Structures are given as structure tokens and as C-alpha cells.
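The values are calculated or read from the model by the stated rules, or taken from the named source; none is laboratory data. Bear in mind the structure is a predicted one, so any value in this text is a computation, not a measurement. In this analysis, Cβ positions are derived from the backbone assuming ideal geometry, glycine residues included, and neighbour counts consider all displayed protein chains. Accessible surface is based on the protein model in full, side chains and every heavy atom, while ligands, DNA and RNA are left aside. Shrake-Rupley method; radii C 1.70, N 1.55, O 1.52, S 1.80 Å.
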Amino acid sequence: MQSVLLRSLRSVREKLLSDGSRRSKERPDEEEEEEEGRALLDHLPVDMQFLIMTYLPPEDLCRLGACSRFWRSMVQEPLLWRFFFMRDVNSWTSVDHLSMPKEEFLSVAAPDAPELQKLDFMAEYLRCSPACRCRYQQPRPALEAVAFFLQNLVSGSEPRFAMFGPGLEQLDDSLMTTMMHSPHILPVAGIPQRQIGGIGSGISFLYNNQHKFNIITLYSTYSSERERARLEQQSVRSKLFVLQGETESGPVYSVAPQVQEACQAVNGFIFVSNAQTDKGRIEEAGQVRAVLQPVWGPASRPLLVLSCVSRDGVERTPSVTVAHQLQLHLLANPWMVRNHKTPLDPSKPAQYRERIIYKDSVSL
């Protein structure tokens with residue numbers, strides 16, 4: 001891919017320099033001297049010019065393109081942005097319903113394929129890249145970014161969210177425990193004593209010291225079954241959903257009766273995905289579609305997908321891949337996938353981690 005890109009850049013440079021030489025013969029001497037001064041960087045070897053561009057963030061690359069006609073043409077070379085797109089897309093920490101890359105831009109077609117010349121990789125990169133989207137936003141810790149996303153999409157004095165997914169049960173540490181032990185970011189505001197169809201009302205957190213939101217944790221099985229499956233690295237059948245059948249797009253699920261009232265009562269959903277595995281997420285996609293059925297609530301309710309790993313250094317499924325595997329682009333609801341890490345706290349045994357959150361979780 002890089003060799004094809006360099007050939008294309010050489011072709012662009014040769015054309016531009018030959019055009020520039022022809023125009024300089026028609027200019028006055030002082031304009032010719034000024035053009036020569038500006039063209040010193042232009043005459044670097046293409047390999048060196050390309051290396052310079054790979055070190056520049058997107059905004060600086062665009063500024064470079066504004067320097068001259070030569071660099072504008074070089075920076076706008078489609079294969080250059082395809083190279084950046086394919087290089088960076090798997091490292092993006094988040095993607096949402098507004099910035100999901102279109103499927104044709106993720107094609108593995110040969111870099112010199114004619115159909116790629118019709119795609120505007122530069123515009124797609126600038127639209128999708130988190131660095132470009134967050135340029136004017138202050139960086140936020142992961143948990144604060146989660147709260148910010150939920151707070152900005154849902155109104156109400158204390159909105160409620162249902163949290164579920166294999167990442168709650170298959171990883172070494174509990175995401176909810178991590179949230180409860182992050183008072184500098186999300187102080188615990190209380191544990192309301194009310195029930196939703198027999199399910200505990202969850203835990204209330206405080207965002208920005210003024211906005212409360214409530215999270216109900218929905219587990220798929222008993223704690224003993226989850227612990228055994230985790231130790232034996234086996235999957236368990238979720239009791240939150242009932243399999244209705246199969247279609248070309250995957251299994252079709254309905255929500256189990258004991259959690260239907262909870263699905264109707266919440267203002268949004270948090271799906272915790274296990275990003276340490278990449279076995280495909282067809283079943284998970286069906287379960288996400290089940291809770292978002294219009295019968296349970298309006299399509300304006302947001303879905304936050306936390307793509308979780310237990311520690312740094314673990315190979316992670318990219319957030320864009322998780323979004324595609326969950327078929328989120330087919331949803332009418334606003335959604336976001338965000339990378340998250342749930343660090344293991346060695347001072348708290350597994351039994352403690354289960355006990356502290358099981359009290360306010362669904363009892364199956």
C-alpha cells in the first residue's frame with residue numbers, strides 16, 4: 001500500500017514542479033526568486049515529504065495544505081488519506097452514530113483500485129476521527145466522558161439507565177465496582193430503596209456535583225453460575241432474553257418477562273462489551289435490538305456501549321469493529337461506543353466485588 005502511495009505522490013510532485021517551472025519562465029525576476037525560496041521544501045525527496053506528513057496531526061496537515069498550491073495538491077492526494085485512515089481507525093477510542101465510518105471506506109481493496117479514487121478519504125477521516133471531533137472539547141477521563149454522553153442526551157431530574165452485557169460478567173473485575181470506587185469523578189449519591197418489577201432500583205451517581213443519574217445492573221444469571229463460567233471460560237445462556245428464532249441477520253430475541261418493566265422504566269441503556277474477545281457478536285447484536293424495540297420506549301433513548309478490557313497491554317477489539325459487529329449503524333437510537341478499562345483491585349476479593357453490586361441487581 002505504501003509503495004503505491006509513494007508512486008502516486010511522485011506523480012503529483014513531478015506534474016506540479018514541471019508546471020511551476022513553466023510558469024516561472026513567464027514571471028519577472030523578483031517573482032522567480034520568491035518562488036525559488038518557497039520551493040526549497042517542495043524539492044525534498046518524496047519519501048522525506050511523506051515521512052513529514054505522517055508525523056503531523058490532521059489539523060496541522062490541513063494547515064500544511066494551505067501553504068501553497070504544491071502542498072495543497074500533495075495533502076489532498078486520496079491515497080494519502082486512505083493510508084492514514086487504515087493506519088488509525090483501529091486505534092480510535094470512540095465512535096458514535098454521527099461519526100461511524102461508512103463501510104465502503106473500510107474496504108480492503110487494493111490501494112490502486114479504480115473505485116477507491118471516487119471516495120473522499122480526507123473528508124471521511126476528518127468526520128470520523130476522535131481527534132478531529134474533540135478538537136474544541138476538553139479531554140475527559142473515561143468515566144466522566146460516559147457521564148457527559150448520558151447527561152447530554154437525556155433530560156430529567158434523575159434519569160435511569162439499565163446496564164447489561166458480557167463485559168459485566170466475563171472480565172476479571174466489575175465495571176460497577178470501578179465506578180463506585182471513583183469518587184473523584186463519579187461520587188455515589190445513594191442507593192434508592194425502590195423496586196422496578198422486583199428489580200432493585202440500582203445506584204445513583206452524581207455528575208458535576210449537581211446532576212444525578214441512576215444505573216440498574218442487569219445480570220444474565222446467578223452469581224455462582226457467572227463465577228463458574230468465568231473460571232471455566234465458558235459461555236452461559238442469558239436469562240434476560242428469550243430466543244424467538246433465526247434470520248439471515250442473526251438470532252431474534254425478546255426480553256424476558258421479569259425485565260420488561262425495567263426496560264420500559266429506564267431512559268437509556270449501557271451495554272458492556274468484552275473487548276478481549278473477537279469471536280463475533282451476532283447474539284449480542286440481537287440482544288441489543290431486543291431492549292431497543294419500540295414497544296419498550298421511544299427511539300430517542302440512547303445506547304452507550306463500553307468496550308472493556310481488564311488491564312493495559314491486553315489486545316483489544318477496536319471500537320469501530322465492535323460497532324460494526326453489533327450492527328449499531330442499523331439502529332434508530334443515538335449511540336456511542338467507547339473504549340474503557342476496568343482495572344483489577346487486588347485489595348478486594350472476587351466475592352466482595354460480587355456482593356457489593358448484587359444487592360441492587362436483577363435477581364434471576
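For Val305, the amide hydrogen comes within under 5 Å of the amide hydrogens of Phe271, Met336, Val337, Arg338, counting only partners 5 or more places away or on other chains and with H modelled in the peptide plane.
Quick one: accessible area per residue over segment 224-268, 1.4 Å probe, rounded to a whole number of Å²?
Details: 2800 Å² over 45 residues.
On a per-residue basis, segment 224-268 sits at 62 Å².
Charged neighbours of Trp296, selected by a Cβ distance under 14 Å, balance to +2 (K, R count +1; D, E count -1). Placing dummy labels 7 Å off each Cα toward the beta-carbon, the span from Glu14 to Glu315 is 4.1 nm.
Apply 1/(1 + (r/R0)^6) to the Cβ-Cβ distance of Arg72 and Gln234, taking R0 = 56 Å, and write down the FRET efficiency to the nearest 0.05. Let's see the in-between values first.
Details: r = 57 Å, r/R0 = 1.02.
Rounded to the nearest 0.05, the efficiency is 0.45.
Under 5 Å from the amide H of Tyr207 lie the amide H atoms of Lys212, Phe213, each residue being 5 or more positions distant or on a separate chain, with H modelled from the backbone and absent for Pro and chain starts.
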